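What follows is a short report on a single structure.
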Amino acid sequence: MLKAVVSGTAARALSSGLSLVSLPLAVHYLGAERYGVWATVTTTAVWINVLDLGIANTLTNHVSRAYALDDKRSAARYFTNALLLTGGIVACVGLVFASLFPRINWIRLLNVSPRVCATEIDRTVVAACTLMLLALPCNLVGKLLAGYQELHRNNYAICAGAVASLGGLALGIVLRVSMPALFVMSGGCLTLAALTNFLLVVGWQKPWLRPRLSLIDRSAIRELLNSGSCFFLIQVAAVVVYSSDNLVVSHYLGAAEVTPYSVTWRLAGLAAVLQSLIFPALWPAYAEAYARRDFLWIRRTFVATLKGTIALNAVCIAILLLLGRSLIRLWAGPSAVPTTGLLVAMGMWTMISGFMSVESCLLAALNRTREQALLSILAAALNIVLSVLLVRHVGSLGVIEGTIISYLLVLVAPQSLIVRRVWTRELAIGERSRFPIRSSVFANASSDV
């Protein structure tokens, strides 16, 4: 966990620092409206990630259990079947996208003025969707490494991809390329880094994970789909929250209004530093501890993480409210400066999101996500309805208000009750040994005698 957090800190610091450079470069090169299209297409293309049906997330739990029990064949079996399912999904989605793409009027959907070339927008959409589809199976390696608690290796690949992405963006600006070519030169580096990491891990570092026909198993496929369905619903809800806002703002207010909203969202997201660093490492650690029945460690870690997340987010939000407008003006220019109300609302959402993320991490590791998944879908649906209604009356502020209201009404309290139930029924301290696996061996030996 320490390696993952340290490397994650380096990766986040590097990515954030590079964003401080790349975002104003892109805004100044493309202009407010074209950058609004860029940001909207990028965040909307992220929706493709949910099409893995939750397989990637459930793979982490299966690999964590196999790692705890030192069962390499089980890990290879689940990885092979996860890769098979993901590859099939990519092929099907690609065919559907190719058939639907010509039927969509992207200029009208994004509410772009005639000054922007329609062909340029179409090609940017194709580039974004293609890169996301190619990255879908490659992203399995991050979940695989998380299960082995070697997330630092994936963080190194993220660092390399971020540096290459900035280099591609700068080179494209120097060469004065078109928006779709710039997108490929920048975003394509991230996909290439994920592919390279995939080949290194499976082909060299962990050769026992190499996919084989003999490992294809219907029961494993069914188990991945069954446990992945809940993660899929949660992912859908997350994509609605994190990716639909720009689309709503662009459609109702125009692409130019996306820039201040998107820039503010990205700056507010930097406040969620703790969970973004520790949760990817904490998830498999919870799962392994649960497999070893080390419930006391889970309880202590959960409490410490909750307190730390709330405290750190409170400090970051205070800085955001005091200096946010000035920082954004210096960072991305006057066209990206938000209203004070939008800054306050973003700060409120950051605190709510941080609290829910602490609980979600525990529930995901223990595979207790069915109720959470249904509640998340209801909250996401209400979020869309409220965002569309409020954006017409109060502008972009109404979009984030819709998100806050929907989650407070539907998800926050029920999810906390679910965690409370898990806490009292499954993680009760009782008579737990500090070394449960060794104790169980001694207990079996005693009974045999």
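None of the figures in this text is laboratory data; all of them are computed from the coordinates on show. This one's a predicted model, so the numbers in the text were calculated from it and none came from an experiment. Positions of Cβ are backbone-derived with ideal geometry, glycine not excepted, and every protein chain shown enters the neighbour counts.
Suppose R0 equals 25 Å. What FRET efficiency, 1/(1 + (r/R0)^6) with r the Cβ-Cβ distance, do E371 and L296 give to the nearest 0.05?
According to the calculation, E is roughly 0.50.
The distance separating the Cα centre of region 35-54 from that of region 258-298 comes to 21 Å. When both region 144-183 and region 75-140 are represented by their alpha-carbon centers, they are found 18 Å apart. Radius of gyration over Kirkwood radius for the chain, both on Cα atoms: the Rg/Rh ratio is 0.97. Explain nothing, just the number: relative contact order of region 2-440, from Cα pairs under 8 Å at least 6 residues apart, as a whole percent. Result for region 2-440 is 22 percent.
Using only Cα atoms, find the angle between the long axis of helix 151-174 and the longest principal axis of the chain, and express it within 0 to 90 degrees, rounded to the nearest 10. Helix 151-174 and the main axis of the chain meet at about 10 degrees. The dipole here belongs to region 198-281: it is taken about the Cα centre, uses +1 on the Cβ of Lys and Arg and -1 on the Cβ of Asp and Glu, and is about 480 debye. The sum of -39500 (n - 2.57) across all DSSP H runs of n ≥ 4, divided by the residue count of the chain, sets its helix-only mean residue ellipticity at 222 nm to -28000 deg cm²/dmol.
Take 118-129, 229-240 and order them by the average number of nearby Cβ atoms within 10 Å per residue, most first; the result is 229-240, 118-129.
Rank these for me by crowding, R325, R300, going from fewest to most other beta carbons within 10 Å.
Going from least to most buried by this count: R300, R325.
Classify region 264-421 from the C-alpha gyration tensor, please: rounded if a/c falls under 1.5, else prolate or oblate depending on whether a/b exceeds b/c. Judged from the Cα gyration tensor, region 264-421 comes out oblate (a/c at least 1.5, b/c at or above a/b).
Protection proxy ranking for 245-252, 373-380, 420-427, using the average of other Cβ atoms within 10 Å per residue and placing the highest first: 245-252, 373-380, 420-427. Magnitude of the charge dipole for region 2-440, about its Cα centre and with charges confined to Cβ atoms of Lys, Arg (+1) and Asp, Glu (-1), is about 880 debye. Against the chain, whose longest principal axis comes from its Cα atoms, helix 340-365 is set at around 20 degrees. Helix 295-332 and the longest principal axis of the C-alpha atoms of the chain enclose an angle of approximately 10°.
In this simple spin-label model, placing a label point 7 Å from the Cα along the Cα-to-Cβ direction at both I104 and I216 gives a separation of 3.1 nm. Distance between the 7 Å Cα→Cβ label points at V177 and A91: 3.0 nm. Under 23 Å of direct C-alpha separation, and excluding same-chain neighbours fewer than eight residues apart, K206 reaches these lysines: K3, K72, K143.
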